[in-house]
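**Student:** My structure is below; once you've seen it, I'll send some questions.
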Amino acid sequence: MWAIANRLVGSLAVLWIVSVVLFALVHAIPVSPARVVLGADASDSDITEFDHDHGLDRPLIEQYARWIGGVSHGDFGVSVIDGAVISREIGQTLPVTLELVVLAFILALGLAIPLGIVSAFYEDGWIDHLARGLAVLGVSIPSFWLGLMLIAWGAVGLGWFPAGGYEPISEGLGPHLRSLVLPAVALGIYYVAIISRMTRSSVGEVLAADHVRVSRAMGLGRRRILVYVLKCALSPVVTVAAMSFGYMFGWALIVEQVFNIAGMSHALLNAVMRRDYLAIEDVVLVFTALFLAANLAADILYRVLDPRLAE
Amino acid sequence: MDLRRRTLLGAAAASAGAGLLDPRIALGADKTLTIALPNNPTTFDPIVTSNHDAMAISNLIFENLLDVDVNGDPVPSLAYKMPTISDDALTFTFDLRDDVAFQNGAKFSAEDVKYSYDYMLNPANKSIRRAQFAPIEEVVVESPTRVVFKMRQPFRPWLVYMTKFMGVFPKGSREAEGNAYFANTPIGVGTGAGIFVDWQKDSQITMKKNPNYWRKGVPAWDRLVAKIVPEDATRVAYLMTKQAQIISAPPPRDFQRLKTEPGIVAGSKVAVGGMWFMQINNKRPPFDDVNFRKAVACGVDRKKIAQDVFYGLMDASATPAATVTSYYNADADAAVSYNPEKARAYLAKSRYAAKPEFEMLVLSLPYLFDQRDAAVVIQSQLAAVGITMKITLMEQPQVLAHAMAGTQVASMMPLMGPSDPTFLIKINYTPGQIMSKATGYSNPALDAAITESYKYTDSKRLDPILKQIQSILVEDSPNVWLGFVVTANAWRSEVKDFKPNAGLTMEVRDVTFG
């Protein structure tokens with residue numbers, strides 16, 4: 001319990017450090033967001049006035065204190081670009097990204113773990129070679145290109161899926177899922193490759209262990225052996241899977257852009273393009289918190305799978 | 001019946017798959033027009049908007065006394081005819097339509113016009129377009145259907161500026177609704193064909209037909225959905241899969257192919273207000289030498305770039321005027337157009353013949369179009385005449401900041417203004433303007449010619465002055481002009497009466513369905 005509490009405190013410290021670095025980096029951008037809002041033909045005095053009106057000319061420490069103070073109370077502030085309430089924007093876009101990432105994660109686990117196990121059981125067989133080939137392809141194909149190919153195949157070619165956009169579930173389950181299938185595949189395929197190779201390696205290692213050989217010699221059935229093997233082999237897979245879940249939020253930025261999904265990653269990219277300082281800081285901070293939460297969950301799961309760690 | 005577990009699972013999977021893989025991608029309901037635009041609006045308020053895609057929407061909500069046709073020429077709108085202009089060009093009298101109502105039901109009158117312009121001109125209201133209308137001295141209401149604008153000096157361009165930078169809203173509406181209302185939810189405060197319904201940030205904007213619109217039978221659509229699709233390839237896929245019926249800015253490499261696709265029409269129009277040029281600093285070496293400037297100008301093969309890099313979606317011009325305009329000066333163009341021999345001769349005469357090199361700032365992310373490939377081609381063309389151009393990629397706001405401070409040597413810049421022929425010339429080559437320091441150039445003869453041009457609206461008297469302005473500029477070559485942006489659109493063949501617009505914005509008011 002203390003270990004978990006320690007990790008929680010550590011995560012909060014990391015979150016605070018990230019907030020400081022993030023704030024400093026965003027404010028190191030040499031040009032005011034006013035240039036984006038007011039356009040190419042705005043004068044210097046217009047820019048100065050805009051900065052003053054939005055508090056961008058205040059000392060940086062004061063701006064940071066105001067921002068982090070608000071965030072700690074759940075107030076993410078108001079966009080300097082369009083005056084939108086950012087907590088509302090996050091509330092609207094985070095579920096979209098979360099759903100996409102969870103779907104891609106389920107897809108990745110659902111394909112990668114069986115593939116890794118089968119590869120380990122039939123080491124150096126044709127299925128292992130095939131899985132290895134697929135893994136090399138999975139990690140080599142850029143998700144941007146894969147997304148475009150999926151659109152060309154599934155939307156333009158076959159007409160089974162929309163070319164882009166997100167249909168909320170209120171539009172019906174079919175359209176909703178259709179709008180998420182291709183993006184989830186584009187996002188998840190890289191992690192199928194990563195997780196399947198980790199599973200294969202870990203399962204292979206356990207299969208060669210003495211206790212498994214003894215179990216076989218004692219005549220235990222394949223299913224029972226598989227259960228024992230998985231209990232031992234899944235710990236490193238959980239770590240990789242948790243890290244993958246966190247990284248997926250980063251890759252979602254590209255996938256949401258290609259598939260035109262108005263999620264939080266898409267909002268982050270727009271915020272970067274528009275120099276929307278506050279929105280950039282808020283969204284990145286939320287992503288960091290999600291990444292830390294995924295790692296914390298992995299820690300807990302790790303302890304459940306391996307009771308020696310809890311002791 | 002033997003319903004085994006596997007059979008049940010199979011049936012469930014099949015029905016789920018059938019639902020999931022329904023090949024019918026939903027089109028909008030009848031009379032819904034769906035368009036795809038590349039950029040996110042930041043506001044719909046006509047007095048502060050600077051985004052061309054936002055104007056495609058805000059121009060449907062807000063109207064003005066005049067509008068521009070697809071060629072960029074002013075035509076009557078809320079004024080039922082073009083204004084009467086006094087002989088001294090200081091008084092513009094507009095007779096207004098008396099059959100116009102705002103979307104909130106209030107009758108439109110001259111009082112609304114005066115209120116709107118007074119509001120925009122009041123410095124306290126922080127309109128970013130106030131400077132463009134500064135010559136307006138006073139707005140006088142003569143009757144409910146007649147309004148008079150009195151000017152401090154002759155100033156023709158404001159007739160075009162109003163079509164892009166201004167809109168008329170009801171008297172008292174700013175105090176009643178507040179500026180945020182105009183920026184985010186401008187329901188009922190325009191006279192236009194579309195009534196604002198909903199704006200899902202970064203995703204889509206929805207509008208509905210104004211049933212009481214004064215142009216009878218317009219619009220033909222009941223609902224307009226503008227989807228924001230920044231990715232070029234995805235926007236094209238939207239068109240191919242019928243998720244959108246009109247898209248703006250298809251990538252040049254796909255444009256010719258789209259023309260041959262069944263069920264798709266593609267068209268283009270030169271945007272006479274969209275100039276692409278090398279904004280070079282005449283105060284800094286090596287561009288403080290006119291011979292070097294002309295060497296660069298003559299070293300660039302614009303037509304080849306227009307064809308090979310932009311696939312024809314660029315109007316190559318060596319002067320600050322599009323070749324499609326009546327005032328284009330072909331002789332001036334010929335003086336500084338591509339001629340490698342001439343370029344080498346100018347270079348030999350320049351003070352920098354021994355070390356002919358400079359740094360060019362190029363936008364790292366596309367604005368209006370992607371110019372990075374073109375920059376590399378220009379680099380190789382200049383190398384062929386002995387000039388070394390170093391390319392530095394930089395984001396647009398930083399390039400603009402450098403340019404406006406006059407700290408850059410050269411930057412490759414697309415600028416988009418109203419279709420008035422002197423707008424970009426004025427802001428770049430006359431003193432006290434926002435881009436004056438970027439070029440560091442001034443010429444009293446040019447100032448006088450621009451001021452003289454402000455007196456005229458008719459092409460017969462105006463064109464010779466505009467040609468003279470080009471001659472003056474080409475003689476001094478303060479910048480290297482490369483061409484004019486071409487507006488391109490692609491649309492489904494069931495969409496009728498749609499034409500690409502020279503003002504760059506997408507005009508969908510008059511679209512009908514086949």
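Nothing in this text is a laboratory measurement; each read-out follows from the coordinates by a stated rule. Predicted model, so just to flag it, every value in this text is computed and none were measured. FYI the Cβ positions are ideal-geometry reconstructions off the backbone, even for glycines, and counts take in every protein chain you see.
**Student:** Taking the Cβ-Cβ separation of A:Leu98 and A:Ala209 as r and a Förster radius of 56 Å, what is the calculated FRET efficiency to the nearest 0.05?
**Tutor:** Calculated transfer efficiency: 0.90.
**Student:** Now for a separate question. For region B:177-206 and region A:179-235, what is the centre-to-centre distance using only Cα atoms, to the nearest Å?
**Tutor:** If you average the Cα positions of each part, the centres end up 55 Å apart.
**Student:** Counting pairwise Cα distances across region A:66-222, what percent come out greater than 29 angstrom?
**Tutor:** Percent of Cα pairs beyond 29 Å in region A:66-222: 44.
**Student:** Would you please give the FRET efficiency between A:Leu220 and A:Glu49, computed as 1/(1 + (r/R0)^6) with r the Cβ-Cβ distance and R0 = 60 Å, to the nearest 0.05? Show your work: numbers first, answer last.
**Tutor:** On the way: r = 78 Å, r/R0 = 1.30.
Using R0 = 60 Å, I get an efficiency of 0.15.
**Student:** Given the C-alpha atoms of region B:449-497, compute the convex hull and give its volume per residue in Å³.
**Tutor:** On the way: hull volume 6.4 nm³, N = 49.
Expressed per residue, the convex hull around the Cα atoms of region B:449-497 is 130 Å³.
**Student:** Continuing with the same structure: Could you work out, residue by residue across A:141-148, how many beta carbons of other chains sit within 10 Å of that residue's beta carbon, and then give the average as an integer?
**Tutor:** If you average over the peptide's residues, the count of other-chain Cβ atoms is 1.
**Student:** Report the Cα-based extents of region B:300-456 along its three principal axes, largest first, to the nearest Å.
**Tutor:** For region B:300-456, the Cα extents along the three principal axes come out at 45, 37, 35 Å.
**Student:** Further question on the same structure: What number does region B:371-433 give for Rg over Rh if you use C-alpha atoms and the Kirkwood radius? Could you put the intermediate results ahead of the total?
**Tutor:** On the way: Rg = 14.0 Å, Rh = 13.7 Å.
When Rh is taken as the Kirkwood radius, the ratio is 1.02.
**Student:** How large is ³J(HN,Hα) for each residue in region A:231-239, as worked out from phi by the Karplus curve 6.51 cos²θ - 1.76 cosθ + 1.60 (θ = phi - 60°), to whole Hz, x for Gly and Pro?
**Tutor:** Coupling constants for region A:231-239: 4, 7, 8, 7, 4, x, 5, 4, 4 Hz.
**Student:** Please report the relative contact order for region A:41-144, taking Cα pairs under 8 Å with a sequence separation of at least 6, and give it as a percent rounded to a whole number.
**Tutor:** Values: 33 pairs, mean separation 9.3, N = 104.
Taking the mean separation of contacting Cα pairs over the length of region A:41-144, I get 9 percent.
**Student:** Apply 1/(1 + (r/R0)^6) to the Cβ-Cβ distance of B:Thr451 and A:Leu12, taking R0 = 56 Å, and write down the FRET efficiency to the nearest 0.05.
**Tutor:** The formula returns an efficiency of 0.30 here.
**Student:** Next question, about the same structure. Taking the alpha-carbon centroid of each part, what is the distance from region B:63-139 to region B:373-405 in angstrom?
**Tutor:** Computed from Cα coordinates, the inter-centre distance equals 40 Å.
**Student:** State the Cα centre-to-centre distance between region B:293-337 and region A:128-147 in whole Å.
**Tutor:** 47
**Student:** Just checking the output field for B:399-411: average partner chain Cβ neighbours within 10 Å of each residue's Cβ?
**Tutor:** 2
**Student:** For region A:84-158, just run the numbers: alpha carbon Rg, then divide by 2.2 N^0.38 Å, N being how many residues it has. Show your work: numbers first, answer last.
**Tutor:** Working: Rg = 17.6 Å, N = 75, 2.2 N^0.38 = 11.3 Å.
Taking the Cα Rg and dividing by 2.2 N^0.38 Å, one obtains 1.55.
**Student:** Let me ask another. Measure nothing but the geometry: give the 0 to 90° angle between the long axis through the Cα atoms of A:173-207 and the longest principal axis through the Cα atoms of chain A, rounded to 10°.
**Tutor:** The answer is roughly 50 degrees.
**Student:** Under the definition of partner shielding as Cβ atoms of other protein chains within 10 Å of a residue Cβ, what is the mean value for peptide B:232-241?
**Tutor:** 6
**Student:** Now, a different point. Report the normalised scattering of chain B as log10 I(q)/I(0) at q = 0.07, 0.09, 0.13 Å⁻¹, calculated by the Debye formula with identical scatterers on the alpha carbons.
**Tutor:** -0.43, -0.68, -1.29
**Student:** Using all C-alpha to C-alpha distances in the protein assembly as shown, build P(r) with 20 Å bins and read off the rounded percent in each one.
**Tutor:** Cα pair-distance distribution for the protein assembly as shown, in percent: 14, 41, 32, 11, 2, 0.
**Student:** Right, here's the next one. Could the peptides A:142-153, A:169-180, B:414-425, B:199-210 be put in order, highest first, of the mean number of other beta-carbon atoms found within 10 Å of their residues?
**Tutor:** For the peptides A:142-153, A:169-180, B:414-425, B:199-210, the packing ranking is B:414-425, B:199-210, A:142-153, A:169-180.
**Student:** Same structure, new question: Tell me, what is the percent relative contact order of region A:121-236, built from C-alpha pairs under 8 Å that lie six or more residues apart?
**Tutor:** Contact order relative to length: 27 percent.
**Student:** Residue by residue, what Karplus-based ³J(HN,Hα) values in Hz, rounded to whole numbers, does region A:155-165 have, using 6.51, -1.76 and 1.60 with θ = phi - 60° and x for Gly and Pro?
**Tutor:** Working through the residues one at a time gives 9, 6, x, 8, x, 7, 10, x, 6, x, x Hz.
**Student:** Compute log10 of I(q)/I(0) for chain A with the Debye formula, placing one identical point scatterer on every Cα and leaving out solvent, at q = 0.12 Å⁻¹, to two decimals.
**Tutor:** Cα-only, vacuum Debye calculation for chain A: -0.94.
**Student:** Another question about this same structure. If you build the convex hull over the alpha carbons only and average its shadow over all orientations, what do you get for region A:164-223? Give it in nm² to one decimal.
**Tutor:** 6.5
**Student:** With Cβ to Cβ distances under 14 Å as the rule, what net charge do the other residues near B:Val362 carry (K, R +1; D, E -1)? Each step should come with its number before you reach the end.
**Tutor:** Working: positive: B:Arg372, B:Lys390; negative: B:Glu359, B:Asp370, B:Asp373, B:Glu395.
Around B:Val362, the surrounding residues sum to -2.
**Student:** Mean projection of the alpha-carbon convex hull of region B:65-219 over all orientations, in nm²?
**Tutor:** 9.8
**Student:** Also, I was wondering about something else. Just list whichever of B:Lys114/B:Lys208; B:Lys227/B:Lys499; B:Lys227/B:Lys304; B:Lys171/B:Lys201; B:Lys107/B:Lys426; B:Lys303/B:Lys390 have alpha carbons separated by over 26 Å in the model shown.
**Tutor:** B:Lys114/B:Lys208; B:Lys227/B:Lys304; B:Lys171/B:Lys201; B:Lys107/B:Lys426
**Student:** Let me ask something else. Work out the P(r) tail for region B:363-514: percent of alpha carbon pairs separated by more than 18 Å, whole number.
**Tutor:** 69
**Student:** Expressed as a rounded percentage, what relative contact order does chain B have, with Cα pairs under 8 Å and six or more residues apart?
**Tutor:** Values: 1075 pairs, mean separation 99.7, N = 514.
The normalised contact order for chain B reaches 19 percent.
**Student:** Anything in chain B that counts as a DSSP H helix reaching 18 Å or more along its axis (C-alpha) with Kyte-Doolittle mean of at least 0.0? List them, would you?
**Tutor:** Correct list, ordered by number: B:5-20, B:372-384.
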